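The values are calculated or read from the model by the stated rules, or taken from the named source; none is laboratory data. None of the values given here were measured: they were computed from a predicted structure. A quick note on method: Cβ atoms are made from the backbone with ideal geometry, for glycine too, and the neighbour counts reach across all protein chains shown. Ligands, DNA and RNA are stripped out before the accessible areas are found, and what is left, the full protein with its side chains, is counted by its heavy atoms. Shrake-Rupley method; radii C 1.70, N 1.55, O 1.52, S 1.80 Å.
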Amino acid sequence: MGPIAVILQLLAVMSLTAAKDDGLVRTPPMGWMAWERFRCDVDCKDDPENCISEALFRDMADRLYEDGWKELGYEYVIIDDCWMSMERDKEGRLQPDPVRFPGGIAKLANYVHERGLKLGIYADMGTFTCMGFPGTTLDKIQIDAQTFASWGVDYLKFDGCSSNPLVQMLGYPLMSIALNATGRPIVYSCSWPAYLGGLPPFVNYNLMGEICHLWRNYYDIQDSWDSLQAIVDWFFNNQDEIQPAAGPGRWNDPDMLIIGNFGLSMDESRSQMALWAIMAAPLIMSTDLRHLDNGARAILQNKVAIAINQDPLGIQGRRLLKEKSRIEVYWRPLFQSASALVFLSRRTDMPYRYHTSLGKLHYEEGNYEAYDVFTGTTVKGLNSTTEITLSINPSGVVMWYVYPLRKHNHTTDTETLRHHLRKPAEFRFHREKSGHRTLL
Ligand code: GLA
């Protein structure tokens with residue numbers, strides 16, 4: 001495609017209104033992605049279990065399907081970098097590495113679809129991917145979109161290595177158009193903002209919401225609490241700029257969940273789950289689901305944390321307070337006047353006893369109950385002035401799901417929580433068998 005054709009296509013973008021208002025990912029996408037845990041391990045001879053190969057993705061699809069993840073909403077199996085052959089085929093199409101993906105991507109997509117899951121893939125708006133595999137230059141956008149659609153791909157992570165702001169400004173909208181033109185619903189994840197520093201005026205979040213379903217704003221997560229804290233700090237220090245950008249079908253992406261790996265304690269793992277729920281972040285795990293300990297599994301499968309993350313209003317939460325004591329309070333408004341609170345300790349000494357009240361956290365007068373997401377206990381008889389004392393572990397959280405009691409009825413208990421966790425038709429708890437006595 002020559003430069004004139006590229007510009008003509010770009011002009012067409014300007015006539016697009018809310019191109020991404022297509023019903024996809026009305027709640028943040030959930031699933032599994034290879035990168036953080038398995039990186040660019042291409043040595044299948046030496047490390048057959050962990051190398052980037054079709055077997056790895058089949059294994060993860062099996063786990064998602066057989067171990068209860070799918071029912072919880074974890075549905076995308078996403079291939080990251082290093083899946084490609086170094087050469088395009090004779091027709092100029094990308095092709096997978098023939099040794100590591102002998103069956104091809106279409107067959108893998110089939111395998112994933114047969115289990116009721118969806119397949120994601122990775123490409124790069126530039127000359128090379130971040131690991132040096134073939135990139136998608138401007139002239140290759142259309143053919144790559146068509147190739148992915150023909151394989152039955154459901155999600156594209158479009159990275160931005162080996163390019164520049166001008167190429168990105170053309171390429172990211174063009175890929176959106178090209179994906180739409182395939183007629184296949186494909187979730188479009190853009191790394192564009194991360195390559196522009198993540199903030200206005202360089203990043204236009206209105207445009208982002210129109211062309212992408214989700215976007216990476218900041219640096220890659222690594223397997224450590226330090227990396228996680230840097231991401232959390234960046235997201236909440238810049239909340240005025242980025243929080244309004246999120247909503248159904250358009251999500252900020254602070255990167256993968258690293259729970260289940262080597263860098264986080266159990267408390268830190270709960271902190272990631274809690275904060276990602278507050279942020280309405282995609283819940284994309286990157287861990288070895290074949291060897292996951294029960295502690296990490298319980299956190300990743302916590303139904304109330306997931307329900308908060310998947311709240312149908314899709315309003316991203318905010319940091320309310322940063323105390324001198326190094327306790328921080330985060331809040332997210334939820335469906336039917338419920339809300340989530342996260343109390344995070346940045347301390348490194350011992351559990352801290354934090355005193356507060358709902359009124360101090362700007363709650364209106366009224367009667368409330370709170371469900372403690374990680375202990376499973378319910379705190380009853382709260383009003384806005386009730387003194388609350390919480391014990392928060394170092395680098396840990398207390399997470400509350402707070403709901404107002406119906407007027408003139410102060411005795412409701414789990415009924416009310418169930419009522420508030422009920423979402424419209426697509427909401428996942430609906431699919432659970434009724435008659436379940438235990439809450440959720
Ligand atoms: C970039 C992305 C990561 C991952 C790697 C792959 O760093 O931000 O998420 O996709 O490239 O090379």
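In this structure, does Leu138 turn out to be over 17 Å from Arg88 (Cβ atoms) and more than 16 Å from the ligand (Cβ to nearest atom)? Walk me through how you get there before you give the answer.
Numbers: over 17 Å from Arg88 (Cβ atoms): no; more than 16 Å from the ligand (Cβ to nearest atom): yes.
It is false that Leu138 is over 17 Å from Arg88 (Cβ atoms) and more than 16 Å from the ligand (Cβ to nearest atom).
Condition test on Ser391, is it open to solvent by less than 20 Å² (accessible area, probe 1.4 Å) and among the polar types (S, T, N, Q)? Give the derivation first.
Details: open to solvent by less than 20 Å² (accessible area, probe 1.4 Å): no; among the polar types (S, T, N, Q): yes.
For Ser391, the condition - open to solvent by less than 20 Å² (accessible area, probe 1.4 Å) and among the polar types (S, T, N, Q) - is not met.
Mind telling me which of the residues Gly116, Gly132 ends up being open to solvent by 20 Å² or more (accessible area, probe 1.4 Å), more than 12 Å from the ligand (Cβ to nearest atom) and either not in a helix (DSSP H, G or I) or not assigned by the TED database to the domain that holds Asp233 (or both)?
Working: Gly132 fails: more than 12 Å from the ligand (Cβ to nearest atom).
After applying the criteria, what remains is Gly116.
Given the conditions (1) open to solvent by 10 Å² or more (accessible area, probe 1.4 Å); (2) assigned to a loop (DSSP other than H, G, I, E, B); (3) within 25 Å of Gly249 (Cβ to Cβ), which single one is not true for Gly314?
It is condition (1) that Gly314 fails.
Might you check whether a residue that is under 17 Å from Val402 (Cβ atoms), in contact (Cβ under 8 Å) with a residue 60 or more places away in the chain and not in a helix (DSSP H, G or I) occurs anywhere in segment 283-291? Walk me through how you get there before you give the answer.
At the first step, the residues of segment 283-291 found to be under 17 Å from Val402 (Cβ atoms) are none.
Among the residues of segment 283-291, not one is under 17 Å from Val402 (Cβ atoms), in contact (Cβ under 8 Å) with a residue 60 or more places away in the chain and not in a helix (DSSP H, G or I), which makes the answer no.
State whether one or more residues within segment 265-287 are of a type outside the set (A, V, I, L, M, F, W, C), closer than 21 Å to Thr27 by Cα and in contact with a Pro (Cβ under 9 Å, 6 or more places away or on another chain).
yes
Matching residues to (1) closer than 19 Å to Gly104 by Cα; (2) of a type in the set (Gly, Ala, Ser); (3) modelled with pLDDT of 95 or more; (4) in the same structural domain as Phe133 (by the TED database):
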{"site": "Val42", "(1), (2), (3), (4)": "yes, no, yes, yes"}
{"site": "Ala55", "(1), (2), (3), (4)": "yes, yes, yes, yes"}
{"site": "Arg58", "(1), (2), (3), (4)": "yes, no, yes, yes"}
{"site": "Arg63", "(1), (2), (3), (4)": "no, no, yes, yes"}
{"site": "Asp67", "(1), (2), (3), (4)": "no, no, yes, yes"}
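What residue, of Gly23, Gly73, is at pLDDT 95 or above, outside the structural domain of Gly120 (by the TED database) and not polar (S, T, N, Q)?
Values: Gly73 fails: outside the structural domain of Gly120 (by the TED database).
Only one candidate qualifies: Gly23.
Where in segment 148-259 are the helices (runs of 4 or more DSSP H), entirely inside, with at least 1 residues that are over 24 Å from Gly314 (Cα atoms) and away from the ligand (no atom under 12 Å from the Cβ)?
Details: elements: 165-182, 192-195, 205-211, 225-237, 239-242.
It comes to 165-182, 225-237.
Among the residues of segment 198-207, is there at least one that is buried (at least 23 other Cβ atoms within 10 Å of the Cβ) and in contact with a Leu (Cβ under 9 Å, 6 or more places away or on another chain)?
Initially, segment 198-207 is screened for residues buried (at least 23 other Cβ atoms within 10 Å of the Cβ), giving none.
No, the conditions are met nowhere in segment 198-207.
Does Ile186 meet the test of being open to solvent by less than 40 Å² (accessible area, probe 1.4 Å), at pLDDT 95 or above and farther than 28 Å from Glu114 by Cβ? Break it down stepwise before answering.
On the way: open to solvent by less than 40 Å² (accessible area, probe 1.4 Å): yes; at pLDDT 95 or above: yes; farther than 28 Å from Glu114 by Cβ: no.
Answer is no for this residue.
Can you name the condition, by its number, that Val329 falls short on among (1) closer than 22 Å to Asn238 by Cα; (2) part of a loop (DSSP other than H, G, I, E, B)?
The single condition Val329 does not satisfy is (2).
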